[in-house]
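Asker: Below you will find the structure I want to go over with you.
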Amino acid sequence: MEKIEEFIGKTPAYEWMGKPEKITDFVSESTYDIVVIGAGIAGCAAAQAAAEQGAKVICVEKFATFTAHGTDVCGVGTKLQKAQGISFDKVLAARMIYQWGQSLTNYALIRYFVEHSGEVMDYYIDMAEKNKVLVTINNHMTARADWDNLEDRFKIFRSPHNFAPMEGCKYPVVRWKVTTLINMIKDSAEELGATFAFNTPAKQLVREGDRITGVIVQDAEGYKLIHATKGVIMASGGISDNKKMIETWCPYVMRADRTEHFPIGANMGDGLVMGVWAGAAVTRCNPYPVIHPVNLSPMGPGITTSWPIFNKFGKRFCCEVSWEPIVTNARMQAPGNVAWTVWDKNYKTRALQQEPMRGHEITDGVEEEVEETVRKGIYYKADTLEGLAEQLGMPADAFVASVERYNKWCDQGFDEDFGVPARFLMPIKEGPFYASNVSAWMLNVGHGLHVDANSQVCGEDDEPIGGLFAVGNMQGDFMSNSYPVTLPGLNHGRSLVFARKVGQALANDTVIHGDQYN
């Protein structure tokens, strides 16, 4: 029997990690200071930062253009926040992110992000101003105006920044606002001399001794060897599109209703596997899925968040305050993978109770919206709780008993089952009664390589591999288990911070010195 020490810290030998034959036949060779793999938010930012420092940079990307998905970008202590009187307890913010990972993550990475986020975001805010892009704090959905005053387990800081084109801006208005930010960064990188090679997937890392010295890529002409005299920055995304990896590392994600990310096939974990082939270790943390609900309330997802939720047996089973991922995680563990949120005729008054800072902004005209959604068959409506239970296919007696128990907590002002505070307790007493299915949409599954406090990729022995760094979803050890909503936009925010800082440092033959926070 092998000794237990031989198992500790090792990446299991999954079939998809079998090392291929070394590619040796190239149609060309070229030399750059830095090679960046992946042209998402992290890859574009790393390329731009390194080029700004005078490095000769190439960013290789397997798709025809850069990738962008999402809206919020987290910043902590930015000039925009300061101008609006928004302040942060940075130590608390770092500790809360660390607690989300249940002590599996590297606290030094988290603290580095929090301490440097403001200056990095200010750089992009200045860039936005020059490009006629408006930057705002998203107070409408993910960061309610007063949720930073709630007790810690419900606290959500006003961290999400949105980037949107103004009149005269050369960038188009798009659904995913982060696209505008990446457009700016990529254009700046090219102006600074960075090269982007699209339709050019990376295939293998080149390792000589204890150092990564290049990347083998493939385009329409064949395999090409790109030497990297300073190093390689991995920014090739997570594992959202790799069913085998998700089934192995994060199987509950398979219970999500659908995916809401693109381009399909982008996040195959190919960078992760390339890293393992070159001697890197996979992060010891668990994946951190980003899963959002849809149709959670009559005012739309993420606005009013605490309508009580019941499973198919008519039982309430979770704390409903934090709408993601607390509710979606619970839904995906519910019997039959189904659940409903329920409210009564007084939902407009209840919504104002939950969101006093938003007022009529979220309730004007909502009655017409709700009734139209009922007519479309998306929401359910009944004059009695028994009638609603029949529509939902749950036992009426159990459902009514659960509602009565919940109403008891509403009357006494504290939820003895799940700790929902009085502000978010919404009694269900007067018909008609309504219900909506609680859905779970998977946006991203982050899982990357094991890194140290400098975001340098490490081997199984926890020693850094020379010339190899990971940023974005390729950077392991920053989040684990679930995506923290304490700082909305965190994934984009930490992608920018580490991409910019690592790009700058590598261009200057140094590291970011994140170990100062150990």
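Asker: Sorted by packing (mean other beta-carbon atoms within 10 Å per residue), highest first, where do 489-496, 245-252, 40-47, 451-458 land?
Answerer: Working: 489-496: 27.5, 245-252: 16.4, 40-47: 32.4, 451-458: 24.6.
Top to bottom by mean Cβ count within 10 Å: 40-47, 489-496, 451-458, 245-252.
Asker: Determine the gain in length on full extension of the stretch ASP25-PHE313; use 0.36 nm per residue of separation and subtract their C-alpha separation, reporting nm with one decimal.
Answerer: Details: separation 288, 0.36 × 288 = 103.68 nm, distance 6.18 nm.
Gain on stretching ASP25 to PHE313: 97.5 nm.
Asker: Could you pull out every residue, at least 5 positions away or on a different chain, whose amide H is within less than 5 Å of the one on ASP477? Hs are placed 1.01 Å off N in the peptide plane, and Pro or chain starts have none.
Answerer: CYS285, GLY448
Asker: For TYR223, enumerate residues with amide H under 5 Å from its amide H, sequence gap 5+ or separate chain, H modeled in the peptide plane.
Answerer: VAL27
Asker: Any idea what the relative contact order of segment 294-439 is, in percent, if you count C-alpha pairs under 8 Å spaced at least 6 apart?
Answerer: On the way: 249 pairs, mean separation 52.4, N = 146.
Across segment 294-439, relative contact order equals 36 percent.
Asker: Continuing with this model, one more query. What percent do you get for the relative contact order of segment 435-474 when only Cα pairs under 8 Å and 6+ apart count? Provide the component values of the computation, followed by the final result.
Answerer: Values: 40 pairs, mean separation 13.5, N = 40.
Value for segment 435-474: 34 percent.
Asker: So what's the angle, to the nearest 10 degrees on a 0 to 90 scale, between helix 490-507 and the longest Cα principal axis of the chain?
Answerer: The angle comes out at about 10 degrees.
Asker: Let me ask something additional. Arrange the peptides 370-376, 497-503, 181-187 so that the one whose residues have, on average, the most other Cβ atoms within 10 Å appears first.
Answerer: Values: 370-376: 14.0, 497-503: 29.3, 181-187: 22.6.
Ranking the peptides 370-376, 497-503, 181-187 by packing returns 497-503, 181-187, 370-376.
Asker: Another question, if that's okay. May I have the count of lysine pairs in segment 294-439 with C-alpha atoms under 19 Å apart, counting pairs 8 or more residues apart or located on different chains?
Answerer: 12
Asker: Near the amide H of LEU134, under 5 Å away, which other amide H atoms are found, from residues 5 or more places off or on another chain, if H is placed in the peptide plane?
Answerer: Placed amide hydrogens put ALA164, MET166 under 5 Å from LEU134.
Asker: Taking the Cα-to-Cβ direction at GLU151 and at GLN516 and moving 7 Å from each Cα, how far apart do the two end points lie in nm?
Answerer: Simple spin-label model gives 3.7 nm for this pair.
Asker: How large is Rg/Rh for segment 140-287, to two decimals, with Cα atoms and a Kirkwood Rh?
Answerer: Details: Rg = 19.8 Å, Rh = 19.3 Å.
With Rg and the Kirkwood Rh in hand, the quotient comes to 1.03.
Asker: Continuing with this model, one more query. Could you give the length gained on full extension between ASN337 and GLU119, defined as 0.36 nm per residue of separation minus the Cα-Cα distance, in nm?
Answerer: 74.2 nm
Asker: Under the rule a/c < 1.5 gives rounded, and otherwise a/b versus b/c splits prolate from oblate, where does segment 87-215 land using the Cα gyration tensor? Don't skip to the end; give the middle numbers.
Answerer: Details: a/c = 2.39, a/b = 1.15, b/c = 2.08.
Oblate.
Asker: Here's another thing I want to ask about it. Rank the residues ARG207, ARG111 as a footprinting-exposure proxy: fewest other Cβ atoms within 10 Å of their Cβ go first. Display every interim value, and only then the final one.
Answerer: Numbers: ARG207 18, ARG111 22.
Neighbour counts put them in this order, fewest first: ARG207, ARG111.
Asker: Another question, then. In debye to the nearest 20, how big a dipole does segment 160-232 give about its Cα centre with +1 on each Lys and Arg Cβ and -1 on each Asp and Glu Cβ? Present the calculation step by step, with values, prior to reporting the outcome.
Answerer: Values: 9 positive and 8 negative charges, 47 e Å.
The dipole magnitude comes to about 220 debye.
Asker: Tell me which of ASN346, ILE309, ALA334 sits at the most positive position along the dipole axis of segment 294-439, charges placed on C-beta atoms (Lys, Arg +1; Asp, Glu -1).
Answerer: ALA334
Asker: Evaluate the distance, in nm, between pseudo-label points positioned 7 Å from the Cα of LEU104 and of ASP461 along their respective Cα→Cβ axes.
Answerer: 2.7
Asker: Straight distance only, please: which lysines reach the Cα of LYS230 with their own Cα at less than 29 Å, same-chain residues fewer than 8 apart left out?
Answerer: LYS10, LYS19, LYS22, LYS56, LYS62, LYS186, LYS203, LYS501
Asker: Once you order the gyration tensor axes a ≥ b ≥ c over the Cα atoms, which shape class does segment 335-388 get: rounded for a/c under 1.5, otherwise prolate or oblate by comparing a/b with b/c?
Answerer: On the way: a/c = 1.96, a/b = 1.59, b/c = 1.23.
Verdict is prolate for segment 335-388.
Asker: I would also like to ask the following. With a cut-off of 8 Å between alpha carbons and a minimum separation of six or more residues, what is the relative contact order of the chain in percent?
Answerer: Working: 1169 pairs, mean separation 128.8, N = 518.
So the answer I get is 25 percent.
Asker: On to the next question. Go through GLY40, VAL178, SER103 and say which Cα lies farthest out towards the positive end of the charge dipole of the chain; charges sit on Cβ, +1 for Lys and Arg, -1 for Asp and Glu.
Answerer: Comparing the listed Cα positions along the dipole, VAL178 ranks first.
Asker: From the residues ALA197, PHE88, MET17, which one has its Cα farthest along the dipole of the chain in the positive direction, the dipole being from +1 and -1 charges on Cβ of Lys/Arg and Asp/Glu about the Cα centre?
Answerer: Going by the charge dipole, the pick is PHE88.
Asker: Next question. To test your reading of the geometry: what angle, between 0 and 90 degrees and rounded to tens, separates the Cα axis of helix 396-412 from the longest principal axis of the chain?
Answerer: Compared with the principal axis, the helix lies near 90 degrees.
Asker: Rounded, prolate or oblate: pick one for segment 294-439, where a ≥ b ≥ c are the square roots of the eigenvalues of its C-alpha gyration tensor, a/c under 1.5 means rounded, and failing that, prolate if a/b is larger than b/c, else oblate.
Answerer: Working: a/c = 1.30, a/b = 1.10, b/c = 1.18.
It comes out rounded by the Cα gyration axes.
Asker: Hey, another quick one. Which option, (1) 25.4, 82; (2) 23.1, 70; (3) 24.3, 75, is the value of Rg and Dmax of the Cα atoms in Å that was calculated from these coordinates?
Answerer: (3)
Asker: Ok, one more. Give a residue-ordered list of calculated ³J(HN,Hα) values for segment 177-185 (Karplus: 6.51 cos²θ - 1.76 cosθ + 1.60, θ = phi - 60°; whole Hz; x for Gly, Pro).
Answerer: These are the phi-based 3J(HN,Hα) values: 5, 5, 4, 4, 4, 5, 4, 4, 5 Hz.
Asker: Still on this model: Write down the percent of antiparallel bridges among all DSSP beta bridges whose residues are both part of the chain, to the nearest 5.
Answerer: The antiparallel fraction comes to roughly 65 percent.
Asker: I'd like to compare 196-203, 508-515: which one has the highest average count of other Cβ atoms within 10 Å, and what's the full order after that?
Answerer: Details: 196-203: 18.5, 508-515: 15.6.
So the order, starting with the most tightly packed, is 196-203, 508-515.
Computed from the coordinates by the stated procedures, all read-outs in this text should not be read as laboratory data. Just so it is clear, the model here is predicted, and its values are computed rather than measured. Heads up, the Cβs are rebuilt from the backbone with ideal geometry, glycines too, and the neighbour counts pull from every protein chain shown.
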